[in-house]
Amino acid sequence: MRTDSSPTTIYRKDYTPPAFLVDTVELGFDLAPARTVVANRITLRQNPASSSHDIVLHGESIELVQLRLNGTRLEAGDYTLTESTLTIRKAPADVVLEIETVCAPVENTTLSGLYVSNGNFFTQCEAEGFRRITFFPDRPDVMAKYTVMLRADKAAYPVLLSNGNLIEEGDLGDGRHYAKWEDPFKKPSYLFALVAAKLVCQEETFKLADGRDVLLQVWVEEGNLDKTDYAMQSLKNSIRWDEERFNLELDLDRFMIVAVGDFNMGAMENKGLNIFNTKFVLANPRTATDIDFAGIEAVVGHEYFHNWTGNRVTCRDWFQLSLKEGLTVFRDQEFSADMIGTDSGRAVTRIDQVRTLRQAQFPEDAGPMAHPVRPDSFVEINNFYTVTVYEKGAEVVRMYQTLLGRDGFRKGMDLYFERHDGQAVTCDDFRAAMADANDRDLAQFERWYSQAGTPVVTARTRYDAVKRNFDIILSQRGQAGQQPFHIPVAVGLLGANGKDLPLTLENGKHEKGATTVVLELTTQEQIFRFRNVDERPIPSILRDFSAPVILEYDYTDAELLHLFNHDSDPVNRWEAGQRLAMERLLKLTAQVAAHGDGNLKLDNTFINAMRTVLTDETLDPAFRELALILPSETIIAEQMEVVDPQAIHTARQFLRRTIGAALKPELLAQYHANQTPGEYSPDALSAGKRALKNLCLSYLMATPDMAELKLSQQQFESATNMTDRSAALVAMIHSGAEAGPYLKAFYKDFENEALVIDKWFAMQASAPTTDAAAVRKLMAHPAFTLKTPNRARALIFNFTNANPSQFHAADGSAYAFWAEYVIKLDAINPQVAARLARAMDRWRRYAPALQAKMKQALEQVATQKLSNDVAEVITKALA
Ligand code: ARG
Ligand code: ZN
């Protein structure tokens, strides 16, 4: 919401319970795009936990028509109405409020509240969208039972949906119809949803473990019914998984997923009526890649799992967001891993999680928007749906499981639901359940919630051949003034033969013969002694990435090669390869910066290591692909004091070209060996083969000859699925080869598939040959629009976030472009604009000439009249 007053900061310490609680909510909607009338009848009662007698309702961008208190119409002097609140002072203890308001969904481009997308009505209420629909105490600790009556034109909106169960429907005679829905569970307002639309559904009856039959539906636009199978299958898998792993059952008779093309985020867990970005519902082999299929499984799981972790037990206030998000991300990660089922498949999902953390969360935690997993303050809560709250939050939950074991974690979950079902609680309540169920002291663990930044763990080792002791000395450092964290560090020791040594940890309790033990680092420095160690071992530290930290250890190349070839822990095996690559990338980058790219060299040791992993048929193709991907330009940048994006790009490209040339025969052989003929299946093994094959292609295309170009063209022409087709096209575009005709053909084939057109924009936006001028040209394309977040993100965000060498062009042209579109987007959709604004987070780390231009762009945005969302990001960046 735009205001002229400077934005206010809200503090966690200022939490007070609501003065009034709401028992029931009856909503009536007369839906019309330009003018929707909302009748809201709520019963409130004084909260014994509060000393205030004032009813405070939130309301934004809605027009109050009428207000009644216990049947009496209130006049202007009986209440106070501001831009964002309606207050009734000294209210009686029991109150029925009847509130009539009007809003204009078709004009709502913020996609928060009630809005129109492609002619249909949808809602998005988390975090504070309900107040854009009606006046209400719009805070998660106010939980009530909802009944919803929807009325709309029958021809235009044949489908009328809301939370819970359909209890009545019928015609109104005048071409309009109605539907009445009742949600049997108490819920906070952010979980309210309605849909009024012309949609069709795939549906199925599904038997729960307790024998009940439930109706599952996936609602989409008519032309998309051929893309709902995977979402439906993922939903059924999610239901089964939660029954088996956590004994949590679906508590409704009906569960609906609805796809919408205009959506700010991934999806939303509204009770019984999940609303999804089409990107996370629609897929068939022709239109969706393996990554899209995996995303659908994860997000369908995520939203379904929220039904318990988020809905049945919700957050007391928005500072506790990670209570539901960190936990639910952890659950969806475990779900995806269990769906693959193999240890190596599980490891591949874990490596992906580590990559996300390093690519996005570590930079966030080191930048101007850094915040603890449980923030202490915010200006705009929508800015805190972050990788820190979500992904680092999931790491924090994972550490409980690492410390307590799977069974211990499950006991903690059971106690959490036993204590808090139906309540709005805090992160401390979750931690207490984990501690109490396992009789453990987790007081120090609280610091993971309260202290921001990525801790650095430094390891040193010493071996005493006479006493046969091997010591690992771990120390930790957080940010200035921070207290030590409770860090689980999983460790194994490798012998010269590459095998794990059986471990005996002095003063430690672990199974006899264990080859991995979890060291608990709780002070600034600790010594851990392993006994009966016959040879100087090579330590494998932070196995399975057991904590979200940066590990420093002076590995020699020989040790890293040993780990890269032998570590039984696939995450650390991968990690050794990343360290080998990073060392070289940093050296090469420094060389480029100092002397240009004339005389760069790469050692054979590294090439040979890459060759070995590429050709090791005993390894999962998915693992080999991950092991061969070099650290991204963003991750390299995070390692440098002063970032030189051009030098990084040149160095990394040199490394790619050198690998491509040196391993050409092996890359070609693997390219052919990892074809997946026959019917497409998104399963992990097939997807892994395609990933490896397409990575081989991209290396081969790093210095394309006619033969490689041919290969790409052939793959493009003959591909039977989107994974292979888009990979071929990306390989062409990103190698700088002439791809014009192929881009044209691709566009024509998929003109009517919005999600594929997004890919078409995205692959051009991230090509290292695409500069700001080229992006502007793409924006003039008739298919481009700023109003649909998916489209804006595809083109603009992929340029600003996934094309660093062009975004940081020396002339500053891309920064000016960024400023222009932050401002333009802010007028349409502040949430999306604020995400774009964050592309400048790390501006202080760049070389002085770039830094000055970035600052100028930030300042230019700062001079505008901005939403709270963008203002918070820009102010913090410049602070
Ligand atoms: N609770 C949703 C999810 O993670 C996210 C919705 C947040 N939306 C927003 N506009 N902040 O599943
Ligand atoms: Zn979520």
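The values are calculated or read from the model by the stated rules, or taken from the named source; none is laboratory data. Worth saying up front: this structure is predicted, and the values here are computed from it rather than measured. For neighbour counting, all protein chains shown are included, and Cβ atoms are generated from backbone atoms with ideal geometry for every residue, glycine included.
Miscellaneous remarks
- Residue in the range 780-793 that is within 26 Å of Gln653 (Cα to Cα), over 23 Å from the mean Cα position of the chain (by Cα) and part of a loop (DSSP other than H, G, I, E, B) present: no
- For the range 380-423, a tally of residues being over 27 Å from Pro455 (Cβ atoms) and within 15 Å of ligand 1 (Cβ to nearest atom) returns 2.
- Where a residue in the range 643-666 is touching a residue at least 60 places away in the same chain (Cβ under 8 Å) and its partner, wherever it lies, is surrounded by 19 or more Cβ atoms within 10 Å (Cβ to Cβ) and in a strand (DSSP E or B), with Cβ under 7 Å and at least six apart: Val643/Tyr846
- Taking the range 537-630 and the helices (runs of 4 or more DSSP H) fully enclosed by it, the elements with 3 or more residues that are surrounded by 20 or more Cβ atoms within 10 Å (Cβ to Cβ) and not hydrophobic (A, V, I, L, M, F, W, C) are at 570-595, 621-628.
- Filtered residues of the range 299-310 (kept if surrounded by fewer than 24 Cβ atoms within 10 Å (Cβ to Cβ) and either away from ligand 2 (no atom under 11 Å from the Cβ) or over 18 Å from Val281 (Cα atoms) (or both)): Trp308
- Positions within the range 259-310 being in contact with an Asp or Glu (Cβ under 7 Å, 6 or more places away or on another chain), near ligand 1 (Cβ under 10 Å from one of its atoms) and over 23 Å from Phe797 (Cα atoms), in sequence order: Glu269, Asn274, His302, Glu303, Phe305, His306, Gly310
- Against the test of being in a helix (DSSP H, G or I) and under 30 Å from Lys145 (Cβ atoms), the options Glu303, Glu297 yield a single qualifying residue, Glu303.
- Residue pairs meeting the criteria (Cβ under 8 Å; at least 6 apart or on separate chains; first farther than 16 Å from Thr36 by Cα and within 16 Å of ligand 2 (Cβ to nearest atom), in the range 124-147; second part of a loop (DSSP other than H, G, I, E, B) and basic (Lys, Arg)): Pro140/Arg316
- Single unsatisfied condition, Ser117 versus (1) in contact (Cβ under 8 Å) with a residue 24 or more places away in the chain; (2) small (Gly, Ala, Ser); (3) away from ligand 1 (no atom under 16 Å from the Cβ): (3)
- Evaluated against (1) surrounded by fewer than 24 Cβ atoms within 10 Å (Cβ to Cβ); (2) more than 21 Å from Val397 (Cβ to Cβ); (3) away from ligand 1 (no atom under 16 Å from the Cβ); (4) not hydrophobic (A, V, I, L, M, F, W, C), Arg245 falls short on exactly one condition, (2).
- Only helices (runs of 4 or more DSSP H) whose full extent lies in the range 362-478 are considered here, and the ones with at least 1 residues that are modelled with pLDDT of 95 or more and over 30 Å from Tyr553 (Cβ atoms) are 393-420, 427-438.
- Qualifying residue in the range 363-374 (condition: within 14 Å of ligand 2 (Cβ to nearest atom) and charged (D, E, K, R)): no
- When Gln860, Gln831, Gln856, Gln851 are screened for being in a helix (DSSP H, G or I), of a type outside the set (Ser, Thr, Tyr) and in contact with a Phe, Trp or Tyr (Cβ under 7 Å, 6 or more places away or on another chain), only Gln851 passes.
- Qualifying residue in the range 202-210 (condition: surrounded by 21 or more Cβ atoms within 10 Å (Cβ to Cβ) and either more than 16 Å from ligand 2 (Cβ to nearest atom) or among the basic types (Lys, Arg) (or both)): no
- Positions within the range 314-347 being within 14 Å of ligand 1 (Cβ to nearest atom) and of a type in the set (Val, Ile, Thr), in sequence order: Thr314, Thr328, Val329
- Some residue of the range 36-57 being under 25 Å from Asn108 (Cα atoms) and outside any strand (DSSP E or B): no
- With respect to the conditions (1) crowded, with 21+ Cβ neighbours inside 10 Å; (2) in contact (Cβ under 8 Å) with a residue 60 or more places away in the chain; (3) within 12 Å of ligand 2 (Cβ to nearest atom), Asp290 falls short on a single one, namely (3).
- Just one of the listed residues (Leu836, Leu858, Leu825) is within 16 Å of ligand 1 (Cβ to nearest atom), closer than 24 Å to Asp365 by Cβ and either free of Cβ contacts under 8 Å to residues at least 12 places away in the same chain or in contact with a helix residue (DSSP H, G or I) (Cβ under 6 Å, 6 or more places away or on another chain) (or both), namely Leu836.
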